[in-house]
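Student: The structure under discussion is supplied below as structure tokens; questions concerning it will follow.
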């Protein structure tokens, strides 16, 4: 292992040479593998190199399609970028299942995003409150150059509030700021506004007589957006008569009873809720990635929302009343369809094209549906055949590839496992027999 100074200033080839010499000396094919994933189009590769820092190669994920999604009466084929076996197959199966029962319906419940100016103040709270009321018009006017274009698109700053948090942390206050960023995710816009708020706050405080006489100026700690967006919310739902969920009324009711109990378990048991919601995020993250959005921000906000009532709980809910089955999700999704990778990455552009160039609200609807479909498919499997039967059949190809099975071995394995349970050891055993 070796320390290095000025690594970022090295060329890509020099970075690779240093890396393979000091950290990959046991991998003689390392350079070949790294270069295998370069794009042959130099212009396209340069574009990828400049997405982030110290780039040495590209890391591929499969981009798949889940067709047959009826969302609010419009048919979609949803792009999904994910490596996990059976996710796209499960989503597609759920889409087809609900296509015959009226499809998915959605509703935008809010599009508000949040940011804060976090600051300390040791003086009289009433003086600070008076100062803030005097300051507020200045906060709006001094951010006017930043908000001008956003306001033309129908967005901008919605509100700025002074929040006293001193009961939780000594001397701590915040400006709680809300925004509408329309079709942009808006992180850069929000952070630029917040930093100007912080600068204006400190500058104006220095000339405010009630502060200067006592030398109790507010001190800005940081200005930053929040990825917790409980008011940027979308609901997606499916429903149908209970009788349509089985071949007989008894079978349908038994399915509904087990399905409902499974969801109720996820609502009260955090151990189950985490895995339950992870399955939802299989669908959501795959669409977020395919459309060039920030899945880390989405994950953080969604899981915070799942714990908003003091304990971690299911994001999906179910009811079965008066002969009608309803299954729904309400989830915060701060997504964008302009800016960032959406205008740079060629496959992101194509993914948005597949979705008919959606607005941010439309993408929220589509993404929430993908999460709901994935969850329905997973819970359906859990309460009927079990999760492993379908998952391991999809995983079979990964195991065969791991052991470099040829085409005949792959065909024989697929035929064999039509009537046998797929396990890692069973696949190895079959390959050994075939090769003997």
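The values are calculated or read from the model by the stated rules, or taken from the named source; none is laboratory data. Keep in mind the model is a prediction, meaning the values are calculated, not measured. FYI the Cβ positions are ideal-geometry reconstructions off the backbone, even for glycines, and counts take in every protein chain you see.
Student: Could you pull out the residue among 189, 97 that is part of a helix (DSSP H, G or I) and within 20 Å of residue 332 (Cβ to Cβ)? Explain how you work it out, then say what you get.
Tutor: Working: 97 fails: within 20 Å of residue 332 (Cβ to Cβ).
Residue meeting the stated conditions: 189.
Student: I'd like the residue in the stretch 1-12 that is surrounded by 10 or more Cβ atoms within 10 Å (Cβ to Cβ) and within 33 Å of the chain's Cα centre (by Cα) and, out of all such residues, is farthest from residue 341 (Cα to Cα). Step through it out loud before you land on a result.
Tutor: Residues of the stretch 1-12 surrounded by 10 or more Cβ atoms within 10 Å (Cβ to Cβ): 4, 7, 10, 12.
Going one step further and asking which of them are within 33 Å of the chain's Cα centre (by Cα), we end up with 7, 12.
Working: 7: 26, 12: 22 Å.
The extreme case among them is 7.
Student: Okay, next question. What number of residues within the stretch 107-162 are surrounded by 19 or more Cβ atoms within 10 Å (Cβ to Cβ), without any contact (Cβ under 8 Å) to a residue 40 or more places away in the chain and either assigned to a helix (DSSP H, G or I) or not assigned by TED's automatic domain parsing to the domain that holds residue 187 (or both)?
Tutor: Looking only at that region, the number is 1.
Student: Looking at 422, 379, can you tell me which residue is over 30 Å from residue 188 (Cβ atoms), touching a helix residue (DSSP H, G or I) at 6+ places or on another chain (Cβ under 6 Å) and part of a loop (DSSP other than H, G, I, E, B)?
Tutor: Details: 379 fails: part of a loop (DSSP other than H, G, I, E, B).
After ruling out the rest, the residue left standing is 422.
Student: Right, next: Consider only pairs whose beta carbons are under 7 Å apart and that are at least six residues apart or on different chains; among these, list those whose first residue lies in the stretch 191-203 and is more than 16 Å from residue 144 (Cβ to Cβ) and whose second residue is assigned to a helix (DSSP H, G or I).
Tutor: 201/135
Student: Among the residues of the stretch 315-354, write down those that are surrounded by fewer than 20 Cβ atoms within 10 Å (Cβ to Cβ), touching a residue at least 12 places away in the same chain (Cβ under 8 Å) and assigned to a loop (DSSP other than H, G, I, E, B).
Tutor: Residues satisfying the conditions are 323, 339, 344, 345.
Student: Let me ask something else. Please give the number of the condition residue 222 fails out of (1) surrounded by fewer than 20 Cβ atoms within 10 Å (Cβ to Cβ); (2) in a helix (DSSP H, G or I).
Tutor: With respect to (1) surrounded by fewer than 20 Cβ atoms within 10 Å (Cβ to Cβ); (2) in a helix (DSSP H, G or I), residue 222 is out only on (2).
Student: Identify, from the list 69, 51, 76, the residue that is closer than 30 Å to residue 368 by Cβ and at pLDDT below 95.
Tutor: Details: 69 fails: at pLDDT below 95; 76 fails: at pLDDT below 95.
The conditions single out 51.
Student: Here's another thing I want to ask about it. Kindly indicate whether any position in the stretch 9-20 is part of a loop (DSSP other than H, G, I, E, B), more than 24 Å from residue 352 (Cβ to Cβ) and at pLDDT below 95.
Tutor: So far as the stretch 9-20 goes, no, none of its residues is part of a loop (DSSP other than H, G, I, E, B), more than 24 Å from residue 352 (Cβ to Cβ) and at pLDDT below 95.
Student: Might you check whether a residue that is outside any helix (DSSP H, G or I) and either in contact with a helix residue (DSSP H, G or I) (Cβ under 6 Å, 6 or more places away or on another chain) or at pLDDT 95 or above (or both) occurs anywhere in the stretch 265-272?
Tutor: At the first step, the residues of the stretch 265-272 found to be outside any helix (DSSP H, G or I) are 269.
Still in the list and also either in contact with a helix residue (DSSP H, G or I) (Cβ under 6 Å, 6 or more places away or on another chain) or at pLDDT 95 or above (or both): 269.
Checked the stretch 265-272: at least one residue is outside any helix (DSSP H, G or I) and either in contact with a helix residue (DSSP H, G or I) (Cβ under 6 Å, 6 or more places away or on another chain) or at pLDDT 95 or above (or both).
Student: May I pose another question? Would you confirm whether or not the stretch 13-32 contains a residue that is surrounded by 13 or more Cβ atoms within 10 Å (Cβ to Cβ) and touching a residue at least 40 places away in the same chain (Cβ under 8 Å)? Give the steps one after another, and end with the answer.
Tutor: First, the residues of the stretch 13-32 that are surrounded by 13 or more Cβ atoms within 10 Å (Cβ to Cβ): 15-20, 24, 30-31.
Still in the list and also touching a residue at least 40 places away in the same chain (Cβ under 8 Å): 15-16.
So far as the stretch 13-32 goes, yes, one or more of its residues are surrounded by 13 or more Cβ atoms within 10 Å (Cβ to Cβ) and touching a residue at least 40 places away in the same chain (Cβ under 8 Å).
Student: Tell me the residue from 217, 197, 211, 259 that is in a helix (DSSP H, G or I) and modelled with pLDDT under 95, please. It would help to see each step written out before you state the result.
Tutor: Working: 217 fails: in a helix (DSSP H, G or I); 197 fails: modelled with pLDDT under 95; 259 fails: modelled with pLDDT under 95.
Only one candidate passes the filter, namely 211.
Student: Would it be correct to say that residue 101 is over 27 Å from residue 188 (Cα atoms) and in contact (Cβ under 8 Å) with a residue 24 or more places away in the chain? Steps first, answer last, please.
Tutor: On the way: over 27 Å from residue 188 (Cα atoms): yes; in contact (Cβ under 8 Å) with a residue 24 or more places away in the chain: yes.
It is true that residue 101 is over 27 Å from residue 188 (Cα atoms) and in contact (Cβ under 8 Å) with a residue 24 or more places away in the chain.
Student: Further question on the same structure: Which condition from (1) in a helix (DSSP H, G or I); (2) in contact (Cβ under 8 Å) with a residue 40 or more places away in the chain; (3) surrounded by fewer than 18 Cβ atoms within 10 Å (Cβ to Cβ); (4) assigned by TED's automatic domain parsing to the domain that holds residue 95 is the one that residue 279 breaks?
Tutor: (3)
Student: Oh, and also: Has the stretch 295-314 got at least one residue that is under 18 Å from residue 98 (Cβ atoms) and assigned to a helix (DSSP H, G or I)? Before you say what the answer is, go through the steps one by one.
Tutor: Taking the stretch 295-314 and keeping what is under 18 Å from residue 98 (Cβ atoms), we get none.
So far as the stretch 295-314 goes, no, none of its residues is under 18 Å from residue 98 (Cβ atoms) and assigned to a helix (DSSP H, G or I).
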